[in-house]
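A.B. asks: There's a structure below that I have some questions on.
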Amino acid sequence: VQLVESGGGLVQAGDSLRLSCTSPGSTVSRNAMGWFRQAPGKQRELIALISLNGRSTNYADSVRGRFTISRDNAKNTVYLQMNNLKPEDTAVYYCNTSPYMDDYWGQGTQVTVSS
């Protein structure tokens, strides 16, 4: 089952975007989830985690204070609110379970931040 990410785009530094992640089945609503990103020439990195009930979150230092992960299990969807975007946030953004499963990687959604 591949997860489906959406909401990316081309924005200017300082702008905001909200990414969404869902799945054909109930994969999202039944698992702790994470957002990952992969910038050109770099390895994929984990940037945000959320527990199954949404009460616990954790962030990479590079996004803490600017990004917020949340979820709506009734909608089988996890979100990533990204504020004060910077050019270094440019990457393809993916969601996956935590721990991640190779079979769940989707196409990702491109976020490009211009200076």
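A.B. asks: In the stretch 55-73, how many residues are outside any loop (DSSP other than H, G, I, E, B) and open to solvent by 20 Å² or more (accessible area, probe 1.4 Å)? Reasoning before the result, please.
C.D. replies: Of the residues in the stretch 55-73, the ones outside any loop (DSSP other than H, G, I, E, B) are 57-59, 67-73.
Imposing the further condition that a residue be open to solvent by 20 Å² or more (accessible area, probe 1.4 Å) reduces the set to 57-59, 68, 70-73.
Number of matching residues: 8.
A.B. asks: Right, here's the next one. Looking at LEU52, LEU80, LEU85 in this structure, which one is over 19 Å from VAL4 (Cβ atoms) and in contact with a Leu (Cβ under 9 Å, 6 or more places away or on another chain)? Please lay out each step first, then the result.
C.D. replies: On the way: LEU52 fails: in contact with a Leu (Cβ under 9 Å, 6 or more places away or on another chain); LEU80 fails: over 19 Å from VAL4 (Cβ atoms).
Residue meeting the stated conditions: LEU85.
A.B. asks: Then there's this: Could you run through the stretch 1-25 and say how many residues are outside any strand (DSSP E or B), at pLDDT 95 or above, closer than 16 Å to GLY106 by Cα and open to solvent by 20 Å² or more (accessible area, probe 1.4 Å)?
C.D. replies: To start, the set of residues in the stretch 1-25 that are outside any strand (DSSP E or B) comprises 1-3, 7-8, 13-16, 23-25.
Those left that are additionally at pLDDT 95 or above: 3, 7-8, 13-16.
Filter again for closer than 16 Å to GLY106 by Cα, leaving 3, 7-8.
From what's left, open to solvent by 20 Å² or more (accessible area, probe 1.4 Å): 7-8.
The number of residues fulfilling the criteria is 2.
A.B. asks: Which of the residues belonging to the stretch 77-107 are over 11 Å from ALA48 (Cβ atoms) and either open to solvent by less than 20 Å² (accessible area, probe 1.4 Å) or of a type in the set (Asp, Glu) (or both)?
C.D. replies: Residues satisfying the conditions are THR77, LEU85, GLU88, ASP89, ALA91, ASN96, THR97, ASP102, ASP103, GLY106.
A.B. asks: What do you reckon, is LEU46 closer than 13 Å to VAL111 by Cα and part of a strand (DSSP E or B)? Quick ask: steps written out before the conclusion?
C.D. replies: On the way: closer than 13 Å to VAL111 by Cα: no; part of a strand (DSSP E or B): yes.
No, not satisfied.
A.B. asks: While we're looking at this one, here's another question. Take VAL28 and tell me if it is open to solvent by 70 Å² or more (accessible area, probe 1.4 Å) and either of a type in the set (Asp, Glu) or not in a strand (DSSP E or B) (or both). Let's see the steps before the verdict.
C.D. replies: Numbers: open to solvent by 70 Å² or more (accessible area, probe 1.4 Å): no; either of a type in the set (Asp, Glu) or not in a strand (DSSP E or B) (or both): yes.
Judged against the criteria, VAL28 is not a match.
A.B. asks: Among the residues of the stretch 74-98, write down those that are in a loop (DSSP other than H, G, I, E, B) and modelled with pLDDT of 95 or more. If you could, list the steps in order and put the result at the bottom.
C.D. replies: Initial filter on the stretch 74-98 (in a loop (DSSP other than H, G, I, E, B)): 76, 83-86, 90, 98.
ASN76, ASN83, ASN84, LEU85, LYS86, THR90 - these are the residues of the stretch 74-98 that are in a loop (DSSP other than H, G, I, E, B) and modelled with pLDDT of 95 or more.
A.B. asks: Still on this model: Tally time: how many residues in the stretch 54-83 are within 21 Å of GLY14 (Cα to Cα) and not polar (S, T, N, Q)?
C.D. replies: Residues in the stretch 54-83 being within 21 Å of GLY14 (Cα to Cα) and not polar (S, T, N, Q): 12 in total.
The values are calculated or read from the model by the stated rules, or taken from the named source; none is laboratory data. Everything numeric here is computed off the predicted structure, so don't read it as measured data. When we count neighbours, we look across all protein chains shown, and the Cβ atoms used for this are built from the backbone with ideal geometry, even at glycine. Note: areas computed on protein heavy atoms with side chains; ligands, DNA, RNA excluded. Shrake-Rupley method; radii C 1.70, N 1.55, O 1.52, S 1.80 Å.
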